[in-house]
Structures are given as C-alpha cells and as structure tokens.
Amino acid sequence: MKIIKDPRVRKYELTYLVPAGLTSDEVKKINETIVELVKKAKGKLLNTTDWGKKELAYTIKHEGKRQNEAIYTHLELELDSTQTPKLETDLRIQPQVMRSLLVVASSVEAKPEAKAKVEPKEKVEAKAKVKAEAKPEEKPKKVTKASKKEAASEVTKK
C-alpha cells in the first residue's frame, strides 16, 4: 500500500461488514462507533447507506464462527489523507467488524459528448443499404504446403 504524504482532504468511501446474527440495536451501536472513529480521525461523514444483509462470496471465520452472511454498511466521508492509516488501524481493532475497505472516492460523471447520438430512421436504413451493397473484402488465402507445391509447379511449367 502506498501511503500518500500529501495532507489533502479527500473524499473516501468506506464499506464494512458485521456479522448477520447481530440484532438491529447492536448494529446501530457498531455504526455509531464507526462514525465516532471517523470523527476521531478528524473526518466528516457525508452519507451513510445500509446495504443490508447479503450472502458472502466465501465463508469468513470471525470470532471462531464461520460466517456465510454479513450486514454491509457503506459510508462516504471526507478525511485528511494523513489520517487514513490511523482510521484503517482503528477499524481493524474493532472486534465486531469482519472486513472493511477504505478507498478514495472516484467522481465519475457522464460527459455530454459521451452521450449516444440518435439518428433518424431513414439515415440508419441508408447506411445499412450501403453496407449491404458494398463488396465483401477478400480474405487472404491461407498458405499451406499443398498451395506452395502448386505455386512452384506453375512457375516451372512457364
């Protein structure tokens, strides 16, 4: 992992998993604990999304039990880039958090030029007609030993 030493405030996305067997009150307490960790790291919480209970792609052994399901929570936050290692360490220490992932948020917006052009039906039909009338390109012949022998025999006949 490359640690960025540039002290900039950036937008991050944090996703973490807690065991599915917890009650809603326990999950709320964990969520509050995570929010406190973000504030402790001088971060600002922008958005919280509860993705709910989902089946895991593979079994995770957590606290001596095999977990096949987890409750996913996704946070969007602003944080000083120098504080991210501290936050990740604090998340790892939390006993109820099975897995967590902190990444720099990518702001991907659709550019106006990238939108698909809508062409009139007549124009599309005309293009299709031109393509149909065009001669198909001839594919180069595959050179085999037999074709080499034929070419050699034609040269010797001349």
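Values in this text are rule-based calculations from the coordinates and carry no lab data. Everything quoted here is computed from the prediction, not taken from an experiment. Ideal geometry is used to build each Cβ from the backbone, glycine not excepted, and the neighbour counts take in all protein chains shown.
At a glance:
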{"read-out": "Derived scalar couplings ³J(HN,Hα) [segment 28-35; Karplus, 6.51 cos²θ - 1.76 cosθ + 1.60; whole Hz; x for Gly, Pro]", "value": "4, 4, 5, 4, 5, 5, 5, 4"}
{"read-out": "Distant-in-sequence amide H partners of Arg99 (H built 1.01 Å from N, under 5 Å)", "value": "Leu17"}
{"read-out": "Cα→Cβ-extended label distance, 7 Å offset, between His74 and Glu36, nm", "value": "2.7"}
{"read-out": "Cα gyration tensor category, rounded, prolate or oblate, for segment 9-104 with a/c compared to 1.5", "value": "prolate"}
{"read-out": "Members of Lys44/Lys65; Lys29/Lys65; Lys11/Lys40; Lys11/Lys86 lying beyond 26 Å, as alpha-carbon distances in this model show", "value": "Lys44/Lys65"}
